[in-house]
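Q: Below you will find the structure I want to go over with you.
Each value in this text was obtained by applying a stated rule to the coordinates, not by laboratory testing. This structure is a prediction, so every number in the text was calculated from the model and none was measured. Using ideal geometry, Cβ is built from the backbone for each residue, glycine included, and neighbour counts are taken over all protein chains shown.
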Amino acid sequence: MKKSAILVLALTILFGAFLTAQDAAVGGYTVQSVTGKVEREVSPGKWEPVLKDSVLAPTAVVNVGLNSSLVVVQGNRNVAIKAMQKGALEKLLADSGSAKGGIKLGAKVKESSTGTELEKGRSSVSTASTRASDATNDIEWVEE
């Protein structure tokens, strides 16, 4: 009886390891590192922590918390998912791969189309008062 129970347990572990390796080869993502609080949704509303070396399906929903990160590997491709992101793994990976433009601190202007021949007391920045003073030329009225 004991020998058959041990044999069944060993076969179950071996089969589970085979399925995990097969998922990674078919299209799963292997977790290389986890920093902070990173969870995956097991069932609607039920979350469990993501552990290093676990395999995540591309459709798995993950939640990367504040000051956290997740690095996953598929083949020779390493991708990091930054903090405060939640969604399907494949969507988060697609978003992290795209270059997003933005404002960079400390950036310097290489070229500008604003003229340097401004009148004294005027600037190239438009304000409500300058727009209103420019509009007075368009409107005719009679003062009493």
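Q: With unit charges on the beta carbon (Lys/Arg positive, Asp/Glu negative), name the residue among Ala83, Ala94, Val61 whose Cα is farthest towards the positive pole of the charge dipole of region 27-97.
A: Towards the positive end, the residue furthest out is Ala83.
Q: Starting from 0 in steps of 10 Å, tell me what percent of the Cα-Cα pairs of region 27-97 lands in each bin.
A: 23, 63, 14, 0
Q: Moving to a separate point now. Specify which residue in the list Val50, Gly27, Leu70 is farthest towards the positive end of the charge dipole of region 27-97, using unit charges on the beta carbon of Lys, Arg (+1) and Asp, Glu (-1), about the Cα centre.
A: Leu70
Q: In whole percent, what relative contact order does region 27-97 give with Cα contacts below 8 Å and a gap of six or more residues?
A: This gives 33 percent for region 27-97.
Q: Note down the net charge around Glu39, summing +1 for each Lys or Arg and -1 for each Asp or Glu among other residues with Cβ under 11 Å from its Cβ.
A: Here the charged neighbours net out to +2.
Q: Now, a different point. How big is the charge dipole of region 27-97 about its Cα centre, in debye rounded to the nearest 20, if each Lys and Arg gets +1 on its Cβ and each Asp and Glu gets -1 on its Cβ?
A: With Lys and Arg at +1 and Asp and Glu at -1, about 100 debye.
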